[in-house]
Every structure is written in structure tokens, then in C-alpha cells.
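J.: First the structure, then my questions, so here it is.
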Amino acid sequence: MESTMELIEKELDRIQKTEWLSTISNLINNFSGYPIDEDNMPELAIYDILKTLDPHDSPEIRFINKMGYIDAFTYRAFYVDKNENAVYWNPLRERYEDFKKNAASIYQASMEYPAADIIHKWLFSQFKQSRS
């Protein structure tokens, strides 16, 4: 049986966007170790989105738009620093495994973090760099 990452790679090949693999792998890796419900794992959501994309119908725009709303982004982690400020984990920038070393508290919220528009802009920027 193929792993989810292998399935993602096949879908990226099908839609002719193999250059996205690095960005997608890094994002999935940033969630590694977070106790997400199995049904909400980011790699499953990404695979589900990729399966719906048509390589001839703006796959980049459709992927980016859908990614801002995956459930994985509703999972939060934070800790209170020495100045008593809450510091929140940003899965676009930091691995949860590294962040949790600060004794992070976790919970699920009703909205995505970062906000969907930030996720969209980040992905657009990452994909633009991968084309260069």
C-alpha cells in the first residue's frame, strides 16, 4: 500500500506540479508530532485537494484557495513567555516538534491560524519561488 506522500507525489505528477513537493513536504513536516485527529492530518487534506484538480484548469489557484481552509490550520499551540506574553505556533514557519519544547499548550479553534488569506499568500509566494 502506498503512503500518503507517495500518493501526493503521484497527484503532483498528474497535474504537472512536481515543483510543489518541497513546499508541501515542509508544511506537512511542520505539523509532525502535533496530536491531530487522524482524519484531519494535513497530508490527507492535501491529497484530497490534489485529487480534485484538473491540470488544465488553474490548479495552482484552486489548490491555494482550498488550502487556506483545511482543518489542520484550526489546531493551535501556544506558550507563555517569561514576559507573560502568549506566543503562538505558526505552522507555515515552524515545526511543531521544535515549538513544543517550550511546553506548549494545544487546542482546536473554530478558525484557521494563520488566517486563510495569509496561508494563500504564503503558498503563492512559495510556488512562485519554486518556478524560479
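The values are calculated or read from the model by the stated rules, or taken from the named source; none is laboratory data. Just so it is clear, the model here is predicted, and its values are computed rather than measured. Note: ideal-geometry Cβ built from the backbone for every residue, glycine included; neighbour counts use all protein chains shown.
J.: Would you call Glu19 out of contact with any strand residue (DSSP E or B) (no Cβ under 7 Å at 6 or more places or on another chain), surrounded by fewer than 20 Cβ atoms within 10 Å (Cβ to Cβ) and under 24 Å from Gln129 (Cα atoms)?
T.: yes
J.: Now for a separate question. Report, ordered by the first and then the second residue, all pairs with beta carbons closer than 6 Å, sequence separation of six or more or different chains, a first member in the stretch 20-37 that is modelled with pLDDT of 95 or more, and a second member that is among the polar types (S, T, N, Q).
T.: Sorted first by the residue in the stretch 20-37, then by its partner, the pairs are Thr23/Gln126.
Here is a yes/no grid of residues against (1) part of a helix (DSSP H, G or I); (2) surrounded by fewer than 16 Cβ atoms within 10 Å (Cβ to Cβ); (3) among the hydroxyl-bearing types (Ser, Thr, Tyr):
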{"residue": "Ile28", "(1), (2), (3)": "yes, no, no"}
{"residue": "Tyr34", "(1), (2), (3)": "no, no, yes"}
{"residue": "Pro55", "(1), (2), (3)": "no, yes, no"}
{"residue": "Ile64", "(1), (2), (3)": "yes, no, no"}
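J.: If you go through the stretch 66-90 one residue at a time, how many are surrounded by fewer than 18 Cβ atoms within 10 Å (Cβ to Cβ), in a helix (DSSP H, G or I) and touching a Pro at 6+ places or on another chain (Cβ under 9 Å)?
T.: Residues flagged as surrounded by fewer than 18 Cβ atoms within 10 Å (Cβ to Cβ), in a helix (DSSP H, G or I) and touching a Pro at 6+ places or on another chain (Cβ under 9 Å) within the stretch 66-90 amount to 1.
J.: Here is a further query. Between Tyr88, Tyr75, Tyr47, which is modelled with pLDDT of 95 or more and under 22 Å from Ser3 (Cα atoms)?
T.: Every option except Tyr47 fails the conditions.
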